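Q: Starting off with a structure, shown below.
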Amino acid sequence: MTEMFKNLIAGEWASAGNASRNINPSNTNDVVGEYAQGSVEQMNDAVAAAKAAFPAWSRSGPQERYEILKKASDEILARKEELGRLLSREEGKTLAEGIGEAGRAGQIFAFFAGECLRLGGEAVPSVRPGVGVEITREPVGVIGMITPWNFPIAIPAWKIAPALAYGNCVVIKPADLVPGSAWALVDIIQRAGLPKGVLNLVMGRGSVVGQALLQHKDVHAISFTGSVSTGRKVAEACIASSPMKKVQLEMGGKNPLVVLDDADLKIAVEAAVTGAYFSTGQRCTASSRLIVQAGIHDRFVEACIERLKGVVVDDALKSGTHIGPVVDQSQLDQDLKYIQIAKDEGGKLAWGGEVLKRETPGFYLQPALFTETTNAMRISREEVFGPVANVIRVKDYEEALHLANDTEFGLSAGICTTSLKYATHFKRNSEAGMVMVNLATAGVDYHVPFGGRKGSSYGPREQGAYAKEMYTTVKTAYTLA
Ligand code: NAD
(Lines give C-alpha, C1' and ligand atoms only; values in the text may rest on other atoms or scores of the structure.)
Protein backbone atom coordinates (compact mmCIF):
# COMPACT_ATOMS: atom_id res chain seq x y z
CA MET A 1 0.00 0.00 0.00
CA THR A 2 1.35 3.43 -0.94
CA GLU A 3 1.20 5.87 1.96
CA MET A 4 -1.13 8.89 1.54
CA PHE A 5 0.03 12.31 2.78
CA LYS A 6 -2.55 15.01 3.49
CA ASN A 7 -2.63 18.79 3.64
CA LEU A 8 -2.40 20.58 6.99
CA ILE A 9 -5.21 23.09 7.48
CA ALA A 10 -6.02 24.71 10.83
CA GLY A 11 -3.92 22.12 12.63
CA GLU A 12 -5.75 19.10 11.11
CA TRP A 13 -4.58 16.77 8.35
CA ALA A 14 -7.10 17.11 5.52
CA SER A 15 -7.58 14.77 2.54
CA ALA A 16 -8.03 16.20 -0.92
CA GLY A 17 -10.09 14.77 -3.77
CA ASN A 18 -6.97 14.15 -5.83
CA ALA A 19 -3.44 12.98 -5.15
CA SER A 20 -0.19 12.90 -7.10
CA ARG A 21 2.41 10.14 -7.04
CA ASN A 22 5.84 11.18 -5.88
CA ILE A 23 8.27 9.12 -7.99
CA ASN A 24 11.92 8.34 -7.20
CA PRO A 25 14.00 9.67 -10.13
CA SER A 26 16.70 7.05 -9.44
CA ASN A 27 14.14 4.26 -9.85
CA THR A 28 10.85 5.16 -11.48
CA ASN A 29 9.29 1.91 -10.19
CA ASP A 30 9.62 3.26 -6.66
CA VAL A 31 6.70 5.42 -5.48
CA VAL A 32 7.71 7.55 -2.49
CA GLY A 33 4.09 8.25 -1.60
CA GLU A 34 0.77 9.72 -2.74
CA TYR A 35 0.52 13.42 -1.89
CA ALA A 36 -2.73 15.38 -1.70
CA GLN A 37 -3.46 17.74 -4.57
CA GLY A 38 -5.35 20.53 -2.86
CA SER A 39 -8.27 22.50 -4.27
CA VAL A 40 -9.03 26.22 -4.34
CA GLU A 41 -11.48 25.63 -1.45
CA GLN A 42 -8.71 24.03 0.64
CA MET A 43 -6.41 26.95 -0.09
CA ASN A 44 -9.15 29.37 0.99
CA ASP A 45 -9.65 27.36 4.20
CA ALA A 46 -5.89 27.43 4.88
CA VAL A 47 -5.72 31.22 4.45
CA ALA A 48 -8.78 31.64 6.71
CA ALA A 49 -7.08 29.47 9.36
CA ALA A 50 -3.88 31.53 9.15
CA LYS A 51 -5.86 34.76 9.40
CA ALA A 52 -7.73 33.47 12.47
CA ALA A 53 -4.50 32.38 14.17
CA PHE A 54 -2.68 35.65 13.52
CA PRO A 55 -3.95 37.89 16.38
CA ALA A 56 -2.78 35.45 19.10
CA TRP A 57 0.43 34.31 17.39
CA SER A 58 1.55 37.83 16.51
CA ARG A 59 1.30 38.71 20.22
CA SER A 60 2.97 35.53 21.49
CA GLY A 61 6.14 36.08 23.48
CA PRO A 62 9.66 35.46 22.21
CA GLN A 63 10.18 32.61 24.73
CA GLU A 64 7.21 30.63 23.34
CA ARG A 65 8.39 31.09 19.75
CA TYR A 66 11.98 30.26 20.71
CA GLU A 67 10.93 26.99 22.33
CA ILE A 68 8.85 25.85 19.36
CA LEU A 69 11.55 26.67 16.80
CA LYS A 70 14.27 25.11 18.97
CA LYS A 71 12.23 21.93 19.43
CA ALA A 72 11.68 21.72 15.66
CA SER A 73 15.42 22.21 15.11
CA ASP A 74 16.26 19.45 17.59
CA GLU A 75 13.96 16.95 15.86
CA ILE A 76 15.17 17.85 12.36
CA LEU A 77 18.80 17.42 13.44
CA ALA A 78 18.08 14.16 15.29
CA ARG A 79 16.34 12.78 12.18
CA LYS A 80 18.61 14.26 9.52
CA GLU A 81 19.73 10.87 8.12
CA GLU A 82 16.12 9.73 7.68
CA LEU A 83 14.98 13.10 6.28
CA GLY A 84 18.03 13.22 4.00
CA ARG A 85 17.19 9.75 2.68
CA LEU A 86 13.61 10.84 1.91
CA LEU A 87 14.94 13.97 0.19
CA SER A 88 17.42 12.03 -1.95
CA ARG A 89 14.80 9.43 -2.79
CA GLU A 90 12.28 12.00 -4.03
CA GLU A 91 14.60 14.61 -5.59
CA GLY A 92 17.64 12.61 -6.73
CA LYS A 93 20.52 14.46 -5.07
CA THR A 94 23.01 12.11 -3.42
CA LEU A 95 22.47 10.83 0.09
CA ALA A 96 25.36 12.95 1.40
CA GLU A 97 23.81 16.02 -0.23
CA GLY A 98 20.33 15.08 1.06
CA ILE A 99 21.55 14.62 4.64
CA GLY A 100 23.54 17.84 4.36
CA GLU A 101 20.43 19.72 3.24
CA ALA A 102 18.28 18.23 6.02
CA GLY A 103 20.95 19.23 8.55
CA ARG A 104 20.93 22.72 7.06
CA ALA A 105 17.18 22.96 7.71
CA GLY A 106 17.84 22.08 11.37
CA GLN A 107 20.56 24.73 11.64
CA ILE A 108 18.25 27.33 10.10
CA PHE A 109 15.58 26.61 12.74
CA ALA A 110 18.22 26.88 15.49
CA PHE A 111 19.37 30.24 14.09
CA PHE A 112 15.86 31.68 13.95
CA ALA A 113 15.01 30.27 17.39
CA GLY A 114 17.79 32.60 18.61
CA GLU A 115 16.46 35.45 16.47
CA CYS A 116 13.14 35.26 18.38
CA LEU A 117 15.04 36.55 21.41
CA ARG A 118 17.01 39.19 19.55
CA LEU A 119 14.35 41.34 17.90
CA GLY A 120 14.80 44.91 19.12
CA GLY A 121 13.79 48.40 18.17
CA GLU A 122 15.18 51.93 18.36
CA ALA A 123 14.36 54.94 20.45
CA VAL A 124 15.54 58.22 18.92
CA PRO A 125 15.10 61.86 19.90
CA SER A 126 12.56 63.81 17.88
CA VAL A 127 13.43 67.03 16.06
CA ARG A 128 10.52 68.49 18.06
CA PRO A 129 11.17 69.29 21.74
CA GLY A 130 9.33 67.04 24.18
CA VAL A 131 8.54 64.34 21.64
CA GLY A 132 10.00 60.83 21.64
CA VAL A 133 10.25 58.55 18.62
CA GLU A 134 10.22 54.74 18.73
CA ILE A 135 10.90 52.52 15.76
CA THR A 136 9.65 48.96 16.11
CA ARG A 137 9.14 45.96 13.88
CA GLU A 138 5.83 44.10 13.70
CA PRO A 139 4.84 40.91 11.90
CA VAL A 140 3.50 41.37 8.37
CA GLY A 141 0.49 39.03 8.69
CA VAL A 142 -0.37 35.99 6.62
CA ILE A 143 2.57 34.98 4.42
CA GLY A 144 2.06 32.80 1.33
CA MET A 145 5.06 30.71 0.29
CA ILE A 146 5.63 29.00 -3.05
CA THR A 147 8.74 26.84 -3.34
CA PRO A 148 10.61 24.87 -6.05
CA TRP A 149 11.63 21.21 -6.16
CA ASN A 150 15.43 21.51 -6.07
CA PHE A 151 15.95 22.32 -2.36
CA PRO A 152 12.80 20.66 -1.04
CA ILE A 153 13.57 21.05 2.69
CA ALA A 154 16.09 23.93 2.91
CA ILE A 155 14.00 26.49 1.00
CA PRO A 156 10.76 25.82 2.94
CA ALA A 157 12.88 25.97 6.14
CA TRP A 158 14.54 29.29 5.32
CA LYS A 159 11.14 30.85 4.58
CA ILE A 160 9.04 29.27 7.37
CA ALA A 161 11.54 29.71 10.23
CA PRO A 162 11.92 33.52 10.00
CA ALA A 163 8.22 34.00 9.23
CA LEU A 164 7.27 32.21 12.46
CA ALA A 165 10.11 33.74 14.49
CA TYR A 166 8.85 37.26 13.72
CA GLY A 167 5.22 36.38 14.52
CA ASN A 168 3.63 35.73 11.12
CA CYS A 169 1.23 32.98 10.07
CA VAL A 170 2.06 30.87 7.03
CA VAL A 171 0.42 29.02 4.15
CA ILE A 172 3.00 27.10 2.15
CA LYS A 173 2.57 25.48 -1.25
CA PRO A 174 5.64 23.36 -2.00
CA ALA A 175 6.62 22.10 -5.46
CA ASP A 176 4.12 19.51 -6.65
CA LEU A 177 6.92 17.40 -8.13
CA VAL A 178 8.78 16.91 -4.81
CA PRO A 179 6.44 17.61 -1.85
CA GLY A 180 7.61 14.91 0.62
CA SER A 181 10.38 16.80 2.41
CA ALA A 182 8.20 19.88 2.94
CA TRP A 183 5.44 17.61 4.29
CA ALA A 184 7.88 16.05 6.79
CA LEU A 185 9.15 19.50 7.82
CA VAL A 186 5.64 20.85 8.42
CA ASP A 187 4.75 17.75 10.44
CA ILE A 188 7.79 18.32 12.69
CA ILE A 189 7.05 22.03 13.23
CA GLN A 190 3.39 21.38 13.98
CA ARG A 191 4.26 18.72 16.58
CA ALA A 192 6.80 21.08 18.16
CA GLY A 193 3.81 22.82 19.74
CA LEU A 194 2.71 25.42 17.19
CA PRO A 195 -0.87 26.65 17.80
CA LYS A 196 -3.39 25.43 15.22
CA GLY A 197 -3.59 27.46 12.03
CA VAL A 198 -0.26 29.28 12.43
CA LEU A 199 1.31 27.02 9.78
CA ASN A 200 -0.72 25.49 6.96
CA LEU A 201 0.39 23.25 4.10
CA VAL A 202 -1.52 23.00 0.84
CA MET A 203 0.13 20.79 -1.77
CA GLY A 204 -0.94 20.77 -5.38
CA ARG A 205 -0.61 22.46 -8.72
CA GLY A 206 0.82 25.94 -9.06
CA SER A 207 -1.85 26.93 -11.55
CA VAL A 208 -4.59 25.90 -9.09
CA VAL A 209 -3.61 26.30 -5.42
CA GLY A 210 -0.61 28.55 -6.18
CA GLN A 211 -2.85 30.95 -8.11
CA ALA A 212 -5.50 30.86 -5.37
CA LEU A 213 -2.85 31.82 -2.81
CA LEU A 214 -1.62 34.70 -4.97
CA GLN A 215 -5.12 36.04 -5.50
CA HIS A 216 -6.37 35.75 -1.94
CA LYS A 217 -7.10 39.16 -0.42
CA ASP A 218 -6.19 38.03 3.12
CA VAL A 219 -2.60 37.13 2.19
CA HIS A 220 -0.30 40.06 3.00
CA ALA A 221 2.94 38.88 1.43
CA ILE A 222 4.31 36.22 -0.90
CA SER A 223 7.76 34.68 -0.73
CA PHE A 224 8.47 32.81 -3.97
CA THR A 225 11.41 30.77 -5.21
CA GLY A 226 11.32 29.28 -8.70
CA SER A 227 11.77 30.14 -12.35
CA VAL A 228 11.83 33.65 -13.81
CA SER A 229 8.68 33.07 -15.87
CA THR A 230 6.64 31.98 -12.84
CA GLY A 231 8.24 34.71 -10.72
CA ARG A 232 7.02 37.37 -13.13
CA LYS A 233 3.45 36.04 -12.86
CA VAL A 234 3.75 36.00 -9.07
CA ALA A 235 4.90 39.64 -8.97
CA GLU A 236 2.14 40.74 -11.36
CA ALA A 237 -0.51 38.98 -9.25
CA CYS A 238 0.85 40.57 -6.05
CA ILE A 239 0.72 44.06 -7.52
CA ALA A 240 -2.70 43.50 -9.13
CA SER A 241 -4.30 42.31 -5.88
CA SER A 242 -6.07 44.73 -3.60
CA PRO A 243 -4.48 45.55 -1.25
CA MET A 244 -1.12 44.97 -2.97
CA LYS A 245 1.02 42.24 -1.45
CA LYS A 246 4.62 42.53 -0.33
CA VAL A 247 6.63 40.23 -2.59
CA GLN A 248 10.01 38.51 -2.57
CA LEU A 249 11.23 36.55 -5.59
CA GLU A 250 14.27 34.28 -5.84
CA MET A 251 14.69 33.03 -9.39
CA GLY A 252 17.21 31.69 -11.87
CA GLY A 253 20.90 32.13 -12.49
CA LYS A 254 23.57 31.82 -15.18
CA ASN A 255 26.44 32.11 -12.79
CA PRO A 256 29.92 32.87 -14.11
CA LEU A 257 33.07 31.33 -12.68
CA VAL A 258 36.11 33.25 -13.95
CA VAL A 259 39.42 31.35 -14.05
CA LEU A 260 42.48 33.57 -14.54
CA ASP A 261 45.90 32.45 -15.79
CA ASP A 262 47.33 32.86 -12.28
CA ALA A 263 44.72 30.57 -10.65
CA ASP A 264 45.65 27.52 -8.63
CA LEU A 265 44.56 24.90 -11.19
CA LYS A 266 43.44 22.33 -8.61
CA ILE A 267 41.27 24.85 -6.77
CA ALA A 268 39.79 26.12 -10.04
CA VAL A 269 38.92 22.63 -11.32
CA GLU A 270 37.33 21.64 -8.00
CA ALA A 271 35.28 24.86 -7.94
CA ALA A 272 34.16 24.34 -11.54
CA VAL A 273 33.29 20.64 -11.33
CA THR A 274 31.55 20.71 -7.95
CA GLY A 275 29.88 24.05 -8.73
CA ALA A 276 28.63 23.09 -12.18
CA TYR A 277 27.65 19.47 -11.74
CA PHE A 278 27.08 18.48 -8.11
CA SER A 279 23.44 18.26 -7.08
CA THR A 280 23.08 17.32 -10.78
CA GLY A 281 23.62 20.99 -11.70
CA GLN A 282 20.10 21.68 -10.43
CA ARG A 283 21.04 24.68 -8.34
CA CYS A 284 20.15 28.30 -8.99
CA THR A 285 23.76 29.06 -7.97
CA ALA A 286 25.37 26.43 -10.28
CA SER A 287 28.65 27.51 -11.93
CA SER A 288 27.24 27.04 -15.42
CA ARG A 289 29.40 29.62 -17.31
CA LEU A 290 33.13 28.97 -17.04
CA ILE A 291 35.00 32.05 -18.27
CA VAL A 292 38.63 31.01 -18.68
CA GLN A 293 41.72 33.03 -19.63
CA ALA A 294 43.60 31.82 -22.70
CA GLY A 295 46.87 30.96 -20.92
CA ILE A 296 45.27 28.39 -18.61
CA HIS A 297 42.37 27.38 -20.88
CA ASP A 298 43.69 24.11 -22.32
CA ARG A 299 45.17 22.87 -19.03
CA PHE A 300 41.93 23.75 -17.25
CA VAL A 301 39.72 21.93 -19.77
CA GLU A 302 41.96 18.87 -19.74
CA ALA A 303 42.00 18.76 -15.92
CA CYS A 304 38.21 19.18 -15.75
CA ILE A 305 37.76 16.23 -18.12
CA GLU A 306 40.18 14.11 -16.04
CA ARG A 307 38.21 15.01 -12.91
CA LEU A 308 34.89 14.24 -14.63
CA LYS A 309 36.15 10.78 -15.68
CA GLY A 310 36.22 9.85 -11.99
CA VAL A 311 32.71 11.14 -11.27
CA VAL A 312 30.12 8.40 -10.68
CA VAL A 313 26.57 9.09 -11.89
CA ASP A 314 24.20 6.56 -10.34
CA ASP A 315 21.32 5.91 -7.93
CA ALA A 316 21.22 8.81 -5.46
CA LEU A 317 20.93 6.42 -2.51
CA LYS A 318 23.89 4.20 -3.46
CA SER A 319 27.13 4.77 -1.61
CA GLY A 320 29.84 5.87 -4.02
CA THR A 321 27.48 7.97 -6.17
CA HIS A 322 28.78 11.51 -6.78
CA ILE A 323 25.94 12.76 -8.95
CA GLY A 324 22.37 11.48 -8.82
CA PRO A 325 19.77 11.52 -11.60
CA VAL A 326 18.00 14.49 -13.15
CA VAL A 327 14.72 15.13 -11.31
CA ASP A 328 12.27 13.94 -14.02
CA GLN A 329 11.71 13.29 -17.70
CA SER A 330 10.77 16.85 -18.59
CA GLN A 331 13.92 18.29 -16.95
CA LEU A 332 16.00 15.62 -18.74
CA ASP A 333 14.33 16.63 -22.03
CA GLN A 334 15.24 20.25 -21.30
CA ASP A 335 18.89 19.34 -20.57
CA LEU A 336 19.12 17.32 -23.81
CA LYS A 337 17.47 20.14 -25.75
CA TYR A 338 20.15 22.58 -24.57
CA ILE A 339 22.93 20.09 -25.34
CA GLN A 340 21.61 19.95 -28.92
CA ILE A 341 21.24 23.76 -29.09
CA ALA A 342 24.86 24.19 -27.96
CA LYS A 343 26.06 21.76 -30.63
CA ASP A 344 23.94 23.45 -33.32
CA GLU A 345 25.36 26.85 -32.35
CA GLY A 346 28.93 25.60 -32.84
CA GLY A 347 29.92 24.59 -29.30
CA LYS A 348 32.21 21.58 -29.02
CA LEU A 349 31.04 18.84 -26.68
CA ALA A 350 34.34 18.11 -24.93
CA TRP A 351 32.89 15.62 -22.45
CA GLY A 352 29.70 13.75 -21.57
CA GLY A 353 26.12 14.64 -22.44
CA GLU A 354 25.03 11.00 -22.88
CA VAL A 355 21.92 9.51 -21.29
CA LEU A 356 23.13 6.65 -19.09
CA LYS A 357 21.55 3.30 -18.21
CA ARG A 358 21.85 2.06 -14.64
CA GLU A 359 20.47 -0.96 -12.71
CA THR A 360 17.14 0.76 -12.13
CA PRO A 361 15.15 2.91 -14.58
CA GLY A 362 15.96 6.57 -13.87
CA PHE A 363 16.91 9.88 -15.49
CA TYR A 364 20.68 9.52 -15.60
CA LEU A 365 22.71 12.05 -17.56
CA GLN A 366 26.47 12.20 -17.89
CA PRO A 367 27.74 15.71 -17.02
CA ALA A 368 28.26 17.70 -20.24
CA LEU A 369 31.15 20.12 -20.78
CA PHE A 370 31.18 22.39 -23.84
CA THR A 371 34.19 24.33 -25.12
CA GLU A 372 34.56 26.80 -28.01
CA THR A 373 31.45 28.67 -26.89
CA THR A 374 30.75 32.39 -26.82
CA ASN A 375 28.79 34.47 -24.38
CA ALA A 376 26.26 35.24 -27.11
CA MET A 377 25.17 31.61 -27.52
CA ARG A 378 21.92 30.45 -25.89
CA ILE A 379 23.89 27.98 -23.74
CA SER A 380 25.56 31.02 -22.13
CA ARG A 381 22.44 33.10 -21.79
CA GLU A 382 19.62 30.76 -20.70
CA GLU A 383 19.40 28.70 -17.52
CA VAL A 384 19.58 24.98 -18.34
CA PHE A 385 19.18 23.77 -14.74
CA GLY A 386 21.03 20.51 -15.33
CA PRO A 387 24.57 19.07 -15.37
CA VAL A 388 25.62 21.17 -18.36
CA ALA A 389 28.37 23.83 -18.38
CA ASN A 390 30.29 25.68 -21.07
CA VAL A 391 33.74 27.21 -21.27
CA ILE A 392 34.22 30.67 -22.80
CA ARG A 393 37.82 31.60 -23.65
CA VAL A 394 38.89 35.20 -22.88
CA LYS A 395 42.11 37.14 -23.38
CA ASP A 396 42.36 39.00 -20.06
CA TYR A 397 40.70 39.90 -16.75
CA GLU A 398 38.89 42.91 -18.21
CA GLU A 399 37.16 40.77 -20.85
CA ALA A 400 36.36 38.13 -18.21
CA LEU A 401 34.70 40.69 -15.93
CA HIS A 402 32.77 42.19 -18.83
CA LEU A 403 31.39 38.79 -19.88
CA ALA A 404 30.69 37.75 -16.28
CA ASN A 405 28.41 40.79 -15.98
CA ASP A 406 26.98 40.47 -19.51
CA THR A 407 23.92 38.45 -18.47
CA GLU A 408 20.31 39.03 -17.51
CA PHE A 409 20.97 37.27 -14.22
CA GLY A 410 22.96 38.32 -11.14
CA LEU A 411 22.72 35.68 -8.43
CA SER A 412 26.25 34.41 -7.77
CA ALA A 413 29.64 34.95 -9.44
CA GLY A 414 33.07 33.51 -8.74
CA ILE A 415 36.70 34.12 -9.58
CA CYS A 416 39.70 31.79 -9.24
CA THR A 417 42.90 33.79 -8.98
CA THR A 418 45.94 34.20 -6.74
CA SER A 419 45.96 37.95 -7.40
CA LEU A 420 44.67 40.12 -4.56
CA LYS A 421 44.26 42.96 -7.06
CA TYR A 422 41.90 41.00 -9.35
CA ALA A 423 40.05 39.30 -6.47
CA THR A 424 39.38 42.68 -4.84
CA HIS A 425 38.36 44.31 -8.11
CA PHE A 426 36.02 41.43 -8.95
CA LYS A 427 34.34 41.51 -5.55
CA ARG A 428 33.69 45.23 -6.03
CA ASN A 429 32.63 45.19 -9.68
CA SER A 430 30.70 41.95 -10.09
CA GLU A 431 27.00 42.62 -10.68
CA ALA A 432 25.93 39.62 -8.59
CA GLY A 433 24.36 39.42 -5.15
CA MET A 434 26.94 36.87 -3.97
CA VAL A 435 30.61 36.79 -4.97
CA MET A 436 33.05 33.92 -4.39
CA VAL A 437 36.84 33.99 -4.51
CA ASN A 438 38.51 30.62 -5.16
CA LEU A 439 35.20 28.92 -4.40
CA ALA A 440 32.36 27.56 -6.51
CA THR A 441 29.42 29.89 -7.12
CA ALA A 442 27.23 27.38 -5.25
CA GLY A 443 27.57 26.65 -1.53
CA VAL A 444 26.50 29.37 0.89
CA ASP A 445 26.16 29.90 4.65
CA TYR A 446 22.78 30.05 6.35
CA HIS A 447 23.42 32.96 8.75
CA VAL A 448 24.15 35.64 6.12
CA PRO A 449 22.02 37.17 3.37
CA PHE A 450 21.21 35.17 0.25
CA GLY A 451 19.96 36.66 -3.00
CA GLY A 452 20.87 38.33 -6.24
CA ARG A 453 20.41 41.25 -8.59
CA LYS A 454 18.94 41.84 -12.05
CA GLY A 455 16.72 38.96 -13.26
CA SER A 456 17.68 36.64 -10.40
CA SER A 457 15.96 38.28 -7.47
CA TYR A 458 13.37 40.88 -6.58
CA GLY A 459 12.60 42.29 -3.17
CA PRO A 460 14.35 41.80 0.16
CA ARG A 461 17.13 39.27 0.76
CA GLU A 462 16.50 35.89 2.36
CA GLN A 463 18.30 34.22 5.29
CA GLY A 464 20.25 35.41 8.29
CA ALA A 465 19.15 38.48 10.21
CA TYR A 466 18.34 40.17 6.85
CA ALA A 467 15.24 37.94 6.61
CA LYS A 468 13.50 40.39 8.94
CA GLU A 469 13.25 42.86 6.04
CA MET A 470 10.72 40.49 4.46
CA TYR A 471 8.96 39.16 7.51
CA THR A 472 8.50 42.34 9.52
CA THR A 473 7.03 45.75 8.84
CA VAL A 474 8.46 48.86 10.47
CA LYS A 475 6.37 51.15 12.66
CA THR A 476 7.44 54.67 13.73
CA ALA A 477 5.63 55.90 16.86
CA TYR A 478 5.73 59.50 18.20
CA THR A 479 4.87 60.31 21.81
CA LEU A 480 4.51 63.72 23.44
CA ALA A 481 6.16 63.33 26.81
P1 NAD B 1 8.77 26.80 -11.18
O2 NAD B 1 8.76 28.26 -11.40
O3 NAD B 1 8.27 25.92 -12.26
O4 NAD B 1 7.89 26.42 -9.90
C5 NAD B 1 8.13 27.02 -8.65
C6 NAD B 1 6.86 26.94 -7.82
O7 NAD B 1 5.88 27.77 -8.41
C8 NAD B 1 6.24 25.54 -7.73
O9 NAD B 1 5.76 25.32 -6.42
C10 NAD B 1 5.12 25.63 -8.73
O11 NAD B 1 4.07 24.70 -8.47
C12 NAD B 1 4.66 27.06 -8.54
N13 NAD B 1 3.90 27.62 -9.66
C14 NAD B 1 4.01 27.31 -10.98
N15 NAD B 1 3.13 28.05 -11.70
C16 NAD B 1 2.46 28.83 -10.82
C17 NAD B 1 1.44 29.81 -10.95
N18 NAD B 1 0.91 30.13 -12.14
N19 NAD B 1 1.00 30.42 -9.83
C20 NAD B 1 1.52 30.13 -8.62
N21 NAD B 1 2.47 29.21 -8.43
C22 NAD B 1 2.95 28.57 -9.52
O23 NAD B 1 10.25 26.41 -10.74
P24 NAD B 1 10.86 24.95 -10.46
O25 NAD B 1 10.99 24.24 -11.76
O26 NAD B 1 10.12 24.28 -9.34
O27 NAD B 1 12.31 25.32 -9.88
C28 NAD B 1 13.41 25.59 -10.68
C29 NAD B 1 13.67 27.08 -10.75
O30 NAD B 1 13.84 27.59 -9.43
C31 NAD B 1 14.97 27.42 -11.47
O32 NAD B 1 14.77 28.52 -12.32
C33 NAD B 1 15.92 27.80 -10.34
O34 NAD B 1 16.97 28.65 -10.70
C35 NAD B 1 14.99 28.43 -9.38
N36 NAD B 1 15.56 28.44 -8.03
C37 NAD B 1 15.99 29.65 -7.53
C38 NAD B 1 16.56 29.72 -6.26
C39 NAD B 1 17.00 31.03 -5.70
O40 NAD B 1 17.04 31.17 -4.48
N41 NAD B 1 17.34 32.02 -6.51
C42 NAD B 1 16.69 28.56 -5.50
C43 NAD B 1 16.26 27.35 -6.05
C44 NAD B 1 15.67 27.32 -7.31
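Q: What accessible area, in Å² to the nearest ten, does a 1.4 Å probe give for residue 65?
A: Residue 65 has an accessible surface of roughly 20 Å² with all protein chains in place.
Q: Students often get this wrong: which residues of the stretch 110-131 have the backbone nitrogen under 15 Å from the point 7 angstrom along Cα-to-C-beta of residue 477?
A: Only 120-124 pass the distance filter.
Q: Accessible area per residue of the chain at 1.4 Å probe, in Å²?
A: Heavy-atom accessible area per residue stands at 40 Å².
Q: What's the local net charge at residue 35, with K and R +1, D and E -1, over the other residues with C-beta under 10 Å away?
A: My count for the surroundings of residue 35 gives -2.
Q: Rounded to the nearest 10 Å², what accessible area does residue 391 show when all protein chains are kept and the probe is 1.4 Å?
A: 0
Q: Sort 359, 354, 97 from largest to smallest accessible area, using a 1.4 Å probe on the heavy atoms of the protein chains. Walk me through the intermediate numbers first.
A: Details: 359 165, 354 105, 97 40 Å².
The ranking, largest first, comes out as 359, 354, 97.
Q: Binning every alpha carbon pair distance of the stretch 395-481 at 10 Å from zero, what are the percents per bin?
A: With 10 Å bins starting at 0, P(r) equals 16, 39, 25, 11, 6, 3, 0.
Q: Of all the Cα-Cα pairs you can form in the stretch 226-365, what percent are over 17 Å apart?
A: When all Cα pairs of the stretch 226-365 are counted, 69 percent exceed 17 Å.
Q: Okay, next question. Give the carbon-plus-sulfur fraction of the accessible surface of the stretch 162-241 in %, rounded to a whole number; probe 1.4 Å, heavy atoms of protein chains only.
A: 56
Q: Also, quick follow-up: Tally the DSSP beta bridges in the stretch 256-437 and give the antiparallel ones as a percent, rounded to 5.
A: In the stretch 256-437, DSSP labels about 20 percent of beta bridges as antiparallel.
Q: Can I ask one more? Along the principal axes of its C-alpha atoms, what lengths does the chain span, in descending order and rounded to whole Å?
A: 70, 68, 41
Q: Counting only the heavy atoms of the protein chains, how much of residue 94 is accessible to a 1.4 Å probe, in Å² to the nearest 10?
A: Here the accessible area works out near 10 Å².
Q: Roll a 1.4 angstrom probe over the protein heavy atoms and tell me the percent of accessible area of the stretch 256-437 that is carbon or sulfur.
A: Carbon with sulfur: 51 percent of the solvent-accessible area.
Q: To check you understand DSSP bridge types, tell me what percent of the beta bridges within the chain (both residues inside) are antiparallel, rounded to 5.
A: So the antiparallel bridges amount to about 45 percent of the total.
Q: Let me check something: with ligands and nucleic acids excluded, how do 289, 299 order by accessible area (1.4 Å probe), largest to smallest?
A: Working: 289 0, 299 125 Å².
Ranked list, largest accessible area first: 299, 289.
Q: For 314, 406, give me the order by solvent-accessible area with a 1.4 Å probe, most accessible first, ignoring ligands, DNA and RNA.
A: So, going from the largest accessible area down, we get 406, 314.
Q: For the Cα atoms of the chain, what angle does the longest principal axis make with the long axis of helix 154-165, in degrees from 0 to 90, nearest 10?
A: Once rounded, one gets 20 degrees.
Q: Moving on to the next point. Report the local net charge at residue 106: Lys and Arg +1, Asp and Glu -1, summed over other residues whose C-beta lies under 14 Å from its C-beta.
A: Overall, the nearby charge balance is 0.
Q: If you don't mind, another one. Between residue 351 and residues 5 or more places away or on another chain, which pairs have amide H atoms under 5 Å apart, with H built 1.01 Å from N, and which residues are they?
A: Here 369 satisfy the definition.
The values are calculated or read from the model by the stated rules, or taken from the named source; none is laboratory data. Please read all numbers here as calculations on a predicted model, not as lab measurements. So basically every Cβ, Gly included, is an ideal-geometry build from the backbone, and we count neighbours across all protein chains shown. The protein model used for the area step is the full one, side chains on, heavy atoms only, and it has no ligands, DNA or RNA in it. Shrake-Rupley method; radii C 1.70, N 1.55, O 1.52, S 1.80 Å.
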